[in-house]
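J.: Got a structure for you, questions after.
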Amino acid sequence: MSLRIEVRSLALGTTRLVHGLQLDVPPGRVHTVMGDSGSGKSSLLAAVCGTLAPAFSFEGHITLNGRRIDTLPTEARRVGILFQDDLLFAHMTVRENLLFAVPPGPRGLREAAVAQALADLEMPGFAHADPATLSGGQRSRVSLMRALLAQPGALLLDEPFSRLDAALRQRMRDFVFDTVRQRAIPALLVTHDQADVADPASLTRL
């Protein structure tokens, strides 16, 4: 499943932020987008997932596995997004946060998906934990797994490592990149940090 983005124009009012951009992200690849603040990086992600504010305009095409998605509502695009803030639901346990993302189906299968997710996270004993008791790295990993449990066709990463300390940042970066490769998901990463670039050949500067 590949993600193809063609931006003829992405503008805020009369100010054009991005134009003439073409990206083709194959399955299992992390494509990095870098640029100065205000260059349109996060707006590009918003255009892909369908959350652009009304003040913005977008002209172009976005396809996922050959299907055009920029004309679809956000919930129909099958695009997951991970922010620098983990955004876990504070009133839910870790298990409940993960279960929230699992598509509808038999309860046993949904619970099995959550149990497998906790095993993949190396956090099998944290099902009933309060998110507030988790470390920053654990919260980040649960947030990523919650995004993946929704079975997205593509994953957007909006500076998800920026608030982590250096050692934790490297471990989280490796975890995300390995997960993207293992699950063959096309991923688009916005960052200011050159160390986040998984592959210099898959780098675009705005």
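The values are calculated or read from the model by the stated rules, or taken from the named source; none is laboratory data. Only a predicted model underlies this, so the values are computations on that prediction, with no experimental measurement involved. FYI the Cβ positions are ideal-geometry reconstructions off the backbone, even for glycines, and counts take in every protein chain you see. Side chains are part of the model used for accessible areas, which takes the heavy atoms of the whole protein and leaves out ligands, DNA and RNA. Shrake-Rupley method; radii C 1.70, N 1.55, O 1.52, S 1.80 Å.
J.: With the requirement that a residue be open to solvent by 50 Å² or more (accessible area, probe 1.4 Å) and within 24 Å of residue 173 (Cβ to Cβ), what does segment 41-51 give you?
T.: 42
J.: Okay, moving on. Go through 54, 104 for me and flag whichever is farther than 30 Å from residue 141 by Cβ, open to solvent by 70 Å² or more (accessible area, probe 1.4 Å) and outside any helix (DSSP H, G or I). Let's see the steps before the verdict.
T.: Details: 104 fails: farther than 30 Å from residue 141 by Cβ.
54 is the lone residue from the list that is farther than 30 Å from residue 141 by Cβ, open to solvent by 70 Å² or more (accessible area, probe 1.4 Å) and outside any helix (DSSP H, G or I).
J.: Then there is this: Can you tell me which residue in segment 107-118 is surrounded by the most Cβ atoms within 10 Å (Cβ to Cβ), limited to those that are charged (D, E, K, R) and more than 22 Å from the chain's Cα centre (by Cα)?
T.: Among them, the one singled out is 111.
J.: With 64, 99, 82, 121 as the choices, which residue is buried (at least 19 other Cβ atoms within 10 Å of the Cβ), under 27 Å from residue 161 (Cβ atoms), more than 16 Å from the chain's Cα centre (by Cα) and among the hydrophobic types (A, V, I, L, M, F, W, C)?
T.: Among 64, 99, 82, 121, only 99 is buried (at least 19 other Cβ atoms within 10 Å of the Cβ), under 27 Å from residue 161 (Cβ atoms), more than 16 Å from the chain's Cα centre (by Cα) and among the hydrophobic types (A, V, I, L, M, F, W, C).
J.: Which one of these does residue 189 not meet: (1) open to solvent by less than 60 Å² (accessible area, probe 1.4 Å); (2) assigned to a helix (DSSP H, G or I); (3) modelled with pLDDT of 95 or more?
T.: Tallying (1) open to solvent by less than 60 Å² (accessible area, probe 1.4 Å); (2) assigned to a helix (DSSP H, G or I); (3) modelled with pLDDT of 95 or more, residue 189 fails exactly one: (2).
J.: Taking segment 152-174 as the region of interest, how many residues are open to solvent by 30 Å² or more (accessible area, probe 1.4 Å) and under 19 Å from residue 89 (Cα atoms)?
T.: Final tally of qualifying residues: 1.
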